[in-house]
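A short reminder: the numbers here are calculations on the coordinates, not readings from a lab. Everything numeric in this text was worked out from a predicted model, so none of it was measured. Backbone-built Cβ (ideal geometry, glycine too); neighbour counts: all protein chains shown.
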């Protein structure tokens, strides 16, 4: 099944690049992010084996993919939500909660700093050939 997910992720990225719409790109969060909503009066947290939804009826709802399954410990389970859904459907008051559960991957801190500040200058030495 992981092979299918790889193919679908590449297809989604292809579609996002072709349309210029980065809102289709999924982000990963620790599945524990939904625990908060189980304690919220009136909230609905539902799932199948592979997809789920958090909803506060009449206010907002957010659909997600569930990445758990065989060989994945419950504490390592993740959910996927598109950037667009986070921007368009998640209330601003909930964003920090989700940000705190973001699953990050290896990244270049200098590159990220450059993207966060226009005209950022990063001096980490002379340029070298890419070999």
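Plugging the Kirkwood radius over Cα pairs into Stokes-Einstein for the stretch 1-78, at a temperature of 20 °C and a viscosity of 1.002 mPa s, what D comes out in µm²/s?
Answer from the Stokes-Einstein relation: 150 µm²/s.
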| field | Gain in span if fully extended, residue 103 to residue 61, counting 0.36 nm per residue against the direct Cα distance | value | 13.0 nm
| note | Rounded to one decimal in nm, the spacing of the 7 Å Cα→Cβ label points at residue 8 and residue 47 is 1.5 nm
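Report Rg(Cα)/(2.2 N^0.38 Å) for the chain, keeping two decimals.
Values: Rg = 17.9 Å, N = 131, 2.2 N^0.38 = 14.0 Å.
Dividing the Cα Rg of the chain by 2.2 N^0.38 Å gives 1.27.
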| message | Report the Cα centroid-to-centroid distance between the stretch 55-91 and the stretch 26-48 in angstrom, as an integer. | response | 7 Å
| Relative contact order (percent) for the chain, with alpha-carbon contacts under 8 angstrom and 6 or more residues of separation? | 23 percent
| Estimated distance in nm for a label pair at residue 24 and residue 93, the labels positioned 7 Å out from Cα along Cα-to-Cβ | 3.4 nm
